[in-house]
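The values are calculated or read from the model by the stated rules, or taken from the named source; none is laboratory data. These numbers were taken from a predicted model, which means no experiment stands behind them. These accessible areas exclude ligands, DNA and RNA; they are computed on the full protein's heavy atoms, side chains included. Shrake-Rupley method; radii C 1.70, N 1.55, O 1.52, S 1.80 Å.
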Amino acid sequence: KTSAEEMTAEIVAYAQAFYARYGPHRSFYGWYLNHEINPIAADDADQSAYWRHVWHDVTAACHGIAPKSVVTISPFFLLDEARRRGFVYLTPAQYGAWWEQTLTETHIDIVMLQDSGEHLSFFTLDQRAPFFEAMRDACKAAGARFWLNVESGEANVANLDEYLALEQKHE
């Protein structure tokens, strides 16, 4: 419900305050945009435009506040093709295309791709690899650096049915 301009102003105000506090330290390296959004449907032009606008303006402001700093983001992808949990599923090609356009428009410096949004142990590296490859290619095309963010929390379950049962019990 927040406009792109309001969201941008809020984030820039935080960046200015944090830079005043932490910027003088030698260890200050850059910024983390902490919007871990669900993948956006490939045809959702409004949401795509919203986030690209916000991230473009915030990235420019962060680079203006600290010219040698980097701006990072840590998105995730979903592997639930059947959409059993109701979230949008993008193919690796759709995901990569969305991020290539987003990174090109926003000038985010580093993508720290999470190893999936579900954090479920039964998903394999072979299932995750096409998303890593798509993001690597998107970063390369847009001139961003590609890092991985291997999350340390993972539900040790045999399949999605077992996880959904646990989720319903809030365990």
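Legend: residues W147, W99, sorted from most to least accessible area (1.4 Å probe; ligands, DNA and RNA excluded), read W147, W99. The relative contact order of the chain, computed from alpha carbon pairs under 8 Å that lie at least 6 residues apart in sequence, is 21 percent.
In the list (1) 24, 20, 15; (2) 37, 15, 12; (3) 30, 18, 17, the label attached to semi-axes √(5λ) of the Cα gyration tensor in Å as derived from the coordinates here is (3).
Here the relative contact order of the stretch 1-102, from alpha carbon pairs under 8 Å that lie six or more residues apart, stands at 35 percent. Counting only protein heavy atoms and a 1.4 Å probe, tell me what percentage of the chain's accessible area is made up of carbon and sulfur. Accessible surface attributable to carbon and sulfur in the chain totals 52 percent.
Excluding ligands, DNA and RNA, the accessible surface per residue across the stretch 13-171 is 56 Å² with a 1.4 Å probe.
Give the cross-link partners of K140 among the aspartates and glutamates, using a straight C-alpha distance below 12 Å as the criterion and excluding same-chain residues fewer than 8 apart. The qualifying aspartates and glutamates are E100, D109. Each helix, a run of at least 4 DSSP H residues, gives -39500 (n - 2.57); summed and divided by the residues of the chain, these come to -16000 deg cm²/dmol at 222 nm.
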